[in-house]
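Step one of this worksheet: look at the structure below.
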Amino acid sequence: MKITDVRCAVIGRHPVVRILTDAGISGYGQAEFWKPYLKRHILDFRDILIGEDPTLVERTMLKIRQRGSFKPAGAAVSTIEMALWDIAGKAAGVPVHRLLGGKVRDRVRVYNGGVRFPMAGYGPQDYAEDTKRMLTAPEGFTIIKQPIAFHSDMKRQVPDFYYGEPRRSELHGALDRGPITERGLKHVVECVAAMKAVTGDRVGLALDCGPGWMLPDAQRFARMVEPYNLMWLEDLLTGDYTPYVNAGVYRELTRVSPTPIHTGEQIYLRQNFKELIETQAVNVIGPDPADVGGIAELKWIAEYADLHGILMAPHGTANGLLGLAALVQVSATLPANFIAFEYPIATPDWWAEIVEGLPDPIVKDGMITVSDRPGMGVEFIPERAMRYLEDEDRGFFD
């Protein structure tokens, strides 16, 4: 089998890659909706991929892997990798999880991720009300992650929150950073207490905190929230679009924190997780298959983390329904250090109408049943998807 073409269309802001073969089999991959500009980068790989055997995933990836980097630059490589696995599974007539060693669980746990409600404000009562809504969501999540501090508009809406000026940028992931005031720190803790008063011990509560915290503030905060038995504190120091790891600084935080510390969504490739894992700089890592280099890369990292006593909670909020299918396939194969992954939703809503293969409902009791359909288990319905293509992408499904 040989690759005959590589195409990319932006569908509902998501760059979607389609790899065509001389066997009539196509594979698909999807990047975050924050990254429509990746189309050109993906198509830059077209000529170098044509003629390769897509079922030899690793050999094909060796041609392009060095052209990626930290989020967002690794997304083009990662999206292609997932499309290759989709082809390999379809060609073999098996789900991708069987090519990765086979599933060790029939259902995978997810947390709310893309399920969000508009916040009325950023005070304790607002967070309590939002958490109540999360508990009544039909997905029945058993873990909820809430954005606070620098990972929310709290930094702008709460007076005197920190010693700094919030940055305004048209780019998603612009970094606000600075020391938090005593008042700001107390405010965050009060919001945590309000959420825990709602959840009790019925569901786990995790916090997406930054990045943006200074180390002393992060250390104080981690100690202050010890009584609330949180699942983890995510991206306090670096993360999201931060193009570096700072493993040594994270280790200083983790060393004194009674609350599990989490990071990793921005990191590209296993080599850049090496220090974070080997020095046990965090307790939980969250690579994103659409940024880290793909699903095989994520599995390798998960297994290496397990050897070092580090847990896995993969990222994936904005990866769409094709990204969801990929997360299900790889998460089904991960070691027992897997906690849950971040649930991507259909964005816009009509995405749910243009693909088939996902269960209905997708999430039940906070879990997704692992598909045994060939490939990633999800296929486009071209006649429905065509109406959402831009004029320049009309030939995407031909």
Total charge of the residues flanking GLY173 in space, meaning their Cβ is under 9 Å from its Cβ, with Lys and Arg +1 and Asp and Glu -1, is 0
Of GLY68, THR238, SER152, farthest towards positive along the dipole that unit charges on Lys, Arg, Asp, Glu beta carbons give the chain: THR238
What is the Cα coordinate range of the chain on the first, second and third principal axes, sorted by size from largest, in whole angstrom? 63, 41, 40
So for the chain, taking the charge dipole from beta-carbon charges (+1 Lys/Arg, -1 Asp/Glu), which of ALA247, GLY357, THR181 sits furthest toward the positive end? ALA247
Quick one: grab the alpha carbon gyration tensor of segment 1-158, order the square roots of its eigenvalues as a ≥ b ≥ c, and give me rounded if a/c is under 1.5, else prolate or oblate depending on whether a/b is larger than b/c. prolate
State whether segment 103-142 is rounded, prolate or oblate according to the following rule on the C-alpha gyration tensor (a ≥ b ≥ c being the square roots of its eigenvalues): a/c under 1.5 gives rounded; otherwise a/b larger than b/c gives prolate, and the remaining case gives oblate. prolate
In segment 98-376, what % of DSSP beta bridges are antiparallel (nearest 5)? 25
In whole Å, how far is the Cα centre of segment 68-102 from that of segment 1-36? 11
Which loop-located GluC sites (Glu not before Pro) does segment 146-237 contain, where loop means any DSSP state but H, G, I, E or B and the Cβ has at most 15 other Cβ atoms within 10 Å? GLU170
Could you state the number of Å between the C-alpha centres of segment 362-382 and segment 332-347? 13
Roughly how big is segment 296-398's charge dipole about its Cα centre, with Cβ charges of +1 (Lys, Arg) and -1 (Asp, Glu), in debye to the nearest 20? 340
Charge dipole (segment 98-376, unit charges on Cβ, about Cα centre) - positive-most of PRO374, ILE295, ILE261: ILE261
Relative packing of 151-160, 317-326, which averages over residues the other C-beta atoms within 10 Å, highest first: 317-326, 151-160
How high is the relative contact order of the chain, given as a whole-number percent (alpha carbon pairs under 8 Å, six or more residues apart)? 21
Where a Cα-Cα gap under 20 Å defines reach, which lysines qualify for LYS274, not counting those fewer than 8 residues away within the same chain? LYS71, LYS299
What trypsin sites (Lys or Arg not before Pro) does segment 39-106 have in DSSP loop regions with at most 13 other beta carbons within 10 Å? LYS63
Among all stretches of the chain without exposed chymotrypsin sites (Phe, Trp or Tyr not before Pro) (DSSP loop, at most 13 other Cβ atoms within 10 Å), which one is longest? 245-398
Using +1 on the beta carbon of Lys and Arg, -1 on that of Asp and Glu, and nothing else charged, what's the dipole of the chain about the Cα centre, debye to 20? 460
Dividing the helical contributions, -39500 (n - 2.57) per DSSP H run of n ≥ 4, by the residues of the chain yields a 222 nm value, nearest 500 deg cm²/dmol, of -9000 deg cm²/dmol
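Here, each number is a calculation from the coordinates, and none is a lab measurement. Remember, predicted model here, so these are calculated numbers, not experimental data. In this analysis, Cβ positions are derived from the backbone assuming ideal geometry, glycine residues included, and neighbour counts consider all displayed protein chains.
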